[in-house]
Amino acid sequence: MNLMDPNGNATVGCLDDCHQFADDKADEIDRLQDKWDTDPQHSDAWYEQNIESLRRDHAHYQHWADLKPARRAEMFVQSLVAQGAVAISPGAGGQILRPTPYKSPHVSPVVGTAMAPGATSKGARGVIGSDFEAYLAANLKGGKAMGHVKAEVKGVAKSRDFDVSYLNGQKVTWVESKSGNFWSDAKRIQKFRTAAGQQAQIANAHGARFEIHSNTPIPQSVRGWLDKRGISYVEW
C-alpha cells in the first residue's frame, strides 16, 4: 500500500512491508545479542546503545504491522492531516473502527496476575507493541520497564531482552509481551519459541518467574507448548 501526497508523491514506501521490516530488526537484535558475550572488540555500552536503537525501530515497524490494513491507512492519513500534508473533505464517508469488545482475560493454570489498584484488563485491549508494554508497566503491581539481561545457563552465556518486571505475589516476574496479529505469522511463532525458551532459562538463573502476556488470543498449539515447559501466560 503506497499513500500519496497531494502532488502524487509516495509519502511512505509500501506499508505492507512493515512485517518484513520488523522481522529484519528482530533478527538483527538476535544477532547482536548472540554476539555480545563473545565479542572483545565492542563494549557493553556499545551493544546496549545499538540494541536499544534497534528495539525502537522494531517497535515502530511492529506497531504499523500489527494494525489491520484499514486502521493502518486511517491512522496514516490522520497523521498527514495533522501535519497539513493532505486535506479531507467534510462529511467524507468512512467507517469508524471501534475497539474489540471486552473479554475476560484467560490466565494459564500456573499463574495469577497481580494488577495495580484501579487497573482493568479491558484497558489492555487494542493497544499494540510498545504501547502495550507501557500499559503493563503502568498497571501491573510494581511494574517497570526492563531491557537487556544476561546470564550463564549450563555454562553458556546467554542474553535476551525482557519487556516488563512486576511483583506477582512476592515473586519478581519478568514479562515478554505480544500484541496485535503477532500470532498469525508461523515464522514469528517459531522464533518466539526459541527466544521464550532462552528467556525462561535466564529469568530462572536470576531467581525470577517468566510470563508471556498477550492482548490477543494465544493459539492453542502455542499454549500447549508453553504449558509443557512450565511457562506461564496471560491473555488480556
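The values are calculated or read from the model by the stated rules, or taken from the named source; none is laboratory data. Owing to the predicted nature of the structure, the values given are computational and were not obtained by experimental measurement. Cβ atoms come from the backbone with ideal geometry, glycine included; neighbour counts cover every protein chain shown. Just so you know, the surface numbers come from the protein's heavy atoms only, side chains and all, with ligands and any DNA or RNA stripped out. Shrake-Rupley method; radii C 1.70, N 1.55, O 1.52, S 1.80 Å.
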Original post:
Simple spin-label model, 7 Å along Cα-to-Cβ: residue 150 to residue 44 in nm?
Top reply: 0.6 nm
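In this model, which of 25/187; 35/150; 154/191; 35/191; 35/158; 25/191 are farther than 19 Å apart at the alpha-carbon? Numbers along the way, then the final one.
Details: 25/187 14 Å; 35/150 12 Å; 154/191 21 Å; 35/191 17 Å; 35/158 10 Å; 25/191 13 Å.
Check vs 19 Å cut-off fails for 154/191.
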Subject >> Solvent-accessible surface ranking, highest first, for 38, 194, 173, 216 at 1.4 angstrom >> reply: 38, 194, 216, 173
**OP:** Run the 1.4 Å probe and let me know the accessible area of residue 233, rounded to the nearest 10 Å².
**Re:** 10 Å²
Original post:
Just how much of residue 55 is accessible, in Å², when a 1.4 Å probe is used and the result is rounded to the nearest 10?
Top reply: 50 Å²
